[in-house]
Structures are given as C-alpha cells and as structure tokens.
Amino acid sequence: MVDTSLTQLGMSSSGVNTDQIIAQMRYIEQRPIRNMEDDISQIKTEKDAWRDVNSRISKLDNLLDNLKNQETYNSMTTSSNDEEIMTASADPEANTGSYDITINQKAQAQRVVGSTKIAEAVSSGTEDATTADGDASDIAMVDGKTYDVTNITDATIDGTTYQYGLTDNSGNVVAVSENGDKYTSLESSSADDGSISSSNLTTEEYDFGYQVSIGTTLKMHGTDGDQQNTLTQNSLYDTVGSDPTINGTTIDMTANDTLSDLVNKINESDVEVNASIVDNRFVLESNKTGKDNEMSLNENGGNLLDDLGVYGDGPGNVNNWGTDGTEDTTADDAEDGYQPAQDAEITVNGISGITSSDNSFENAVNGVTFNIASSANAGDSVTIDVNADTGKAKKAIQKVVDQYNSVVDFISNKTSVTGSGEDAEGNILQGDGTANRIAGKMKSTLLDTIPTGNEIDYMSEIGLEFDDSNYNKLTLDSSKLEEAIKNKPDQVHEFLAPDASEDDNYTYDGLATKLKDYTNSLIESEGIIPNRTDRLGDEIDRINEDIEDHRDNVEMKMERMKEQFTQMETIMQQYNSQSSWLSSQISSMGLGQ
C-alpha cells in the first residue's frame, strides 16, 4: 500500500514545511540588513560623541569671552561697615582707598500740605435735596447750588445758640451750625422769609467732621432720589480759563469734576508731582528729590489751589507754612506737614559740602558711587573701603580651566582602549585622528609664548600649569594668580585678552584670544565638528537607503521561492494522485497479493 502519512493535516503534499523554510531563508537573506543596522547604531553613537564634544567646546568658547573683557581684571569691590547707613559700588577706574563718611542730611522731595480741610460733608439724615422724580423737597438747600459759610447773628433756638450759617447767593440762610462743622438745613420757606425757629429746622444734617472756615464757598453735590446729600468745596468748579498750572503743565478741569478727578488728573499728567488726600487735606509731593525739583504753582486767575490751601507766598507760589497757614520756624512748619525740597549732603574724609539731588553720590570720589540707605539718618557715620576685585578674574579663569579639562577628559575617554589582551576594546572615537588632533592643538596653543613685552608672557606666570600626573589637564595655582591680578592686573589682561583684529593698539593676540579662535573654528557652522556630524548623518541616510533596497530584494526572493514551492506542491499532488490510481488498479487485478 502507498504510505499516506506525509499527507496528514498540517503537512504539504511533499511533506515539506515550506513556511518554515521560507522564514529561515528570509532570516539568512536579512543578515546584511542586521549588519547595516548595527553600523547605524555605531555611527549614531559616534555622532552623539561628537555632539558632546561640540557642546563642551561651545561652553569653553563662551567662557573665553570673559577673559577678553578688561573689566574681568580691573574690577573693584566695595565694602561698608554698616549697610544700614550706606552701600557703595566702584567702576574699574576707581582707586583703592578707605573713606570715612558722615551724612549731614538726606535728600527729600518737596511736600506741600493744604491748610484747608476739603473733605465732602455727608448728610446724617435721609431727606434729599431733590426727590426721585426731580421735585424740590422742603429743605432750603438745593442740589447743584453754592453756599457761603458766614457768621450769623447769634440765634438761640430752644436753648441752642447757632453762630454759623450757610447763605445762598441772595443772602438767605439755608442752614445753621453751632460750631461750623455740623449744619442743619432749614425749610425752604424760611430761606425766603428769613425766619429761623425750631419749627424751621429739618432733620437733615451735614457733618464735615471739622470746623469749616468762614468765607468758604460750598456746593451741594452728587444727590439722587435715594442718596444722601453731600457738600463739596466750590473751588473744584472753577470756570474754564482758570485751570491751575503745576510745573508748567495746565490741569484741565470741568464743571463736573470732583476732588478725586483732580487728584487723578494730576497723577496721570507729566507734572512729576503726586497728589493725594491725607486727613481731609490736599497734598502735593514732588516725584523727585532735591532743590532743583521744587514745585511751581500758578492759579491763572482762579482760586482752586488757594482754596485747597496749597497756594501761598513761598517759592514757586506754594504754601510753605504748613497746615496752619501761619509762618513759623522751619521745624514748626515741618510739624505742620510742609517738607522743603532738599539735597543730600555728606562729608568725606573731612571734606564737607558734598551734595547730590538724590541720595546717591556719583562724583564725590572718582569711579565710586555712594548710596545712602533708606534707614540712615542725618548724623550717621560709616566707613567704605574700595579694593581690587581679584575674585572676579580668578572665578573666570577657574571656569575656563574646569571646562578645558572637561573637553580633554571627554576626548581622552572616548579615544581610549578599555581592557587588555584579547579583551581589549576601543571606545567610540578610538583611533580617530580628528579627536586626537583637537586635544593636541588646544594644548599646544596654551603652551605658546605671548609677545606682550611684559613680565607676564607665559601661562605659568599666572598660575597655569599642565598636571604632572595627566599632562593633558590644566591646573591653577590660585594664590599665584591672585598675586598677579592684584599687583599686575593690566599685564594679566595684556597676556590673555588682546585681539589684534579688533584693537589696533595690539599687534598680537592674547592667549585667550588664540584659544578662542581655534575653538570657534571647531564649532562654527562650517567648522570641523559640524562638518563631521553632518557627514555621519549623511552616512546614516545612505545606509538607511541601502537597507530599504535590500529589504525589497529579500521580499522579491521570498515571493519567487513561494512560487517555486507552489509549483513543486502541484507536481507532487499530481504524482500522488497517479500513484494512488496505479495502486488501486494493481490491487483490483490481484497482482498486489
């Protein structure tokens, strides 16, 4: 009988597992792809290494800029024995020295305080000058009308004596007061006939909180049907053409302006004066300290600033007598709120009369600025010391040394061999001539002698040496560098910083300039390292294209192989069919027994 075991389920007619064979062949054919992918991984690692080198050299390149700056070597530092009194700063041109300073007076801004209280008076009752529908109420005072504070003939009503009154423009009394700070309105009928009695007094009262001076003009202001009445100074409603001028700038007022509007208009203008309300008084204060910043006021024919109590007979037409409006001593005027414009004044090492419009002195000592602290007081004394700032140059040079070592350490690591004998393995840049040349060129540049014509012309003279145990790494003798900077700052600068291409005073390049020229050539857009990373990137792109081409070829081979196996299976099926027929014929003839 024919053996049919090869045609069981899961097997082909030939008994060959074609899928497994094709998979194995595909794996074999893809071996070059895997090799190329390994190449790409290797190239990417190399590219990353060069990017790291580029980053480290870029940082070194930037740090070298500080060594080309003259202020790095000539900087000065200041110290104060009491920063609560004074601090200081010094420019490179300053000389070392110690300065004993006494503060004679601090600078201050001029402040003018109104002698008149000008707060609005608020009604303590609930009646309105006008009703919600605009009809007049029964009180004599009318919204929008002006009234004068007068001294009325003593009127005693139910045991209360009234000495102050508010009269309208016809001379009719509309409200009365015992002391001039709280007024009670009369009925409207009494204002016409002049009668004042207890029956004429309404429940509407207006409390200023202080005694309003006789002769002051007030105006009913800002009432609606459900609001209480207020009284404001009529001086806020000066006619057009009498707007005040402050420091040459006119403040435009309108008929509806309130006191807050006046304050805002001044503060939003360019008069360099700040306006405010303090204890119901109008206050003007210059934005700048010093005698040169005294205020100048002009009423322009009006009376606004005069009524507010800031206009007077002082310089610039200011009220320099304070809140009481009376000429006193300077100390008394200060107690009344007035503050004159004042320059700061100090004595330096016994030299007096040194002044400044603010609390900063820039010209008292060449190259040094003294700043009086806000907490200082007149009579305070302090000592300011000015010395060479060796720390700035030391810090800048140390940063360059550290970054230089970071570069050479990284290159040394990536170009080294790890292990030994059969286990020896080179790191990613091992044998790379470019990497080795970079490290060598940087080192040889630092070993150059600079033709300064001074005592300092070689790096060891400022404390720079190559490490005895690792001749590629730099070391810095800080004490030797500090001594050089302290005693010969100009020579240190002329050894490191000159750039003949930028400064015609020099015919040579300093050490920092030479090293920077080289590092810049490495990292600039068309530099050695960017070109190297670009080439590696191009190589990766090329290999990726080869991988795609090879992958396509593999798939084409696999398709041909599938076709060949299919043809083989077809032949094998035909053969099996014929074999089965032949076996059945033989069996039927009895020949197989």
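Peptides 493-499, 393-399 ranked from most to least packed give 493-499, 393-399, packing being the mean of other C-beta atoms within 10 angstrom over each peptide's residues.
Here the label points at Thr254 and Glu559, each 7 Å from Cα along the C-beta direction, are separated by 8.5 nm in the simple model. Relative contact order for the chain: 22 percent, from Cα pairs under 8 Å spaced at least 6 residues apart, divided by residue count. Note on segment 67-114: percent of Cα-Cα distances in each 5 Å bin, starting at 0 and stopping at the bin with the largest distance, equals 4, 13, 18, 16, 14, 11, 9, 6, 4, 2, 1, 1.
Think of a 1.4 Å ball rolled over the protein heavy atoms: segment 517-558 then has 58 Å² of accessible area per residue. Summary of the geometry: segment 169-209 and segment 263-329, compared by the centres of their Cα atoms, lie 34 Å apart. Placing +1 on the Cβ of every Lys and Arg and -1 on the Cβ of every Asp and Glu, with no other charges, gives segment 152-220 a dipole of roughly 200 debye about its Cα centre.
Centre-to-centre separation between the Cα atoms of segment 443-492 and those of segment 519-593: 66 Å. Taking Cα atoms only, the orientation of helix 259-268 departs from the longest principal axis of the chain by about 50 degrees. Couplings for segment 429-444, taken from phi via the Karplus curve 6.51 cos²θ - 1.76 cosθ + 1.60 with θ = phi - 60°, read 10, 4, x, 6, x, 4, 4, 5, 5, 4, 4, x, 5, 4, 5, 5 Hz in order; Gly and Pro are left as x. For the chain, the longest principal axis of the alpha carbon atoms and the long axis of helix 31-67 meet at an angle near 40°.
A dipole drawn for the chain from +1 and -1 charges on Cβ atoms has a positive end, and of Val348, His550, Ala275 the residue lying farthest that way is His550. Full extension of the chain segment joining Ser478 with Gln105 gains 129.9 nm, where the gain is 0.36 nm per residue of separation less the Cα-Cα distance.
The Cα atoms of segment 461-593 cover 126, 37, 15 Å along the three principal axes, with the biggest extent listed first. Using C-alpha pairs under 8 Å with a sequence gap of at least 6, the mean separation divided by the residue count of segment 430-531 gives a relative contact order of 21 percent. Each Lys and Arg adds +1 at its Cβ and each Asp and Glu adds -1 at its Cβ; summed about the Cα centre, the chain shows a dipole of about 4260 debye. From its DSSP helices (H runs of at least four residues, each -39,500 (n - 2.57)), the chain gives a residue-normalised ellipticity at 222 nm of -12000 deg cm²/dmol. Convex hull volume of the C-alpha atoms in the chain, normalised per residue: 407 Å³. For segment 441-593, the relative contact order is 14 percent, taking Cα pairs closer than 8 Å that sit 6 or more residues apart in sequence and dividing their mean separation by the residue count.
Here's the picture: charge each Lys and Arg Cβ at +1 and each Asp and Glu Cβ at -1 in the chain, and of Ser577, Phe370, Thr323 the one pushed furthest to the positive end of that dipole is Ser577. Placing unit charges on the Cβ atoms of the charged side chains and taking the dipole of the chain about its Cα centre, the candidate lying farthest along the positive direction among Met220, Asn387, Ala107 is Asn387. When the C-alpha to C-alpha distance is required to be over 26 Å, the pairs from Lys68/Lys441; Lys443/Lys480; Lys44/Lys514; Lys44/Lys395 that qualify are Lys44/Lys514; Lys44/Lys395.
Working note: Debye formula, equal point scatterers on the alpha-carbon atoms of segment 353-416, no solvent; log10 I(q)/I(0) at q = 0.20, 0.26 Å⁻¹ is -0.90, -1.13. Rounded to the nearest 20, the size of the Cβ-charge dipole of segment 345-429 about its Cα centre is 160 debye, with Lys and Arg at +1 and Asp and Glu at -1.
The values are calculated or read from the model by the stated rules, or taken from the named source; none is laboratory data. What you see is a predicted model, and the numbers here were worked out from it, not measured in a lab. Glycine gets a Cβ as well: all are built from the backbone with ideal geometry, and neighbour counts include every protein chain shown. Protein only, heavy atoms only, side chains kept; ligands, DNA and RNA dropped before computing areas. Shrake-Rupley method; radii C 1.70, N 1.55, O 1.52, S 1.80 Å.
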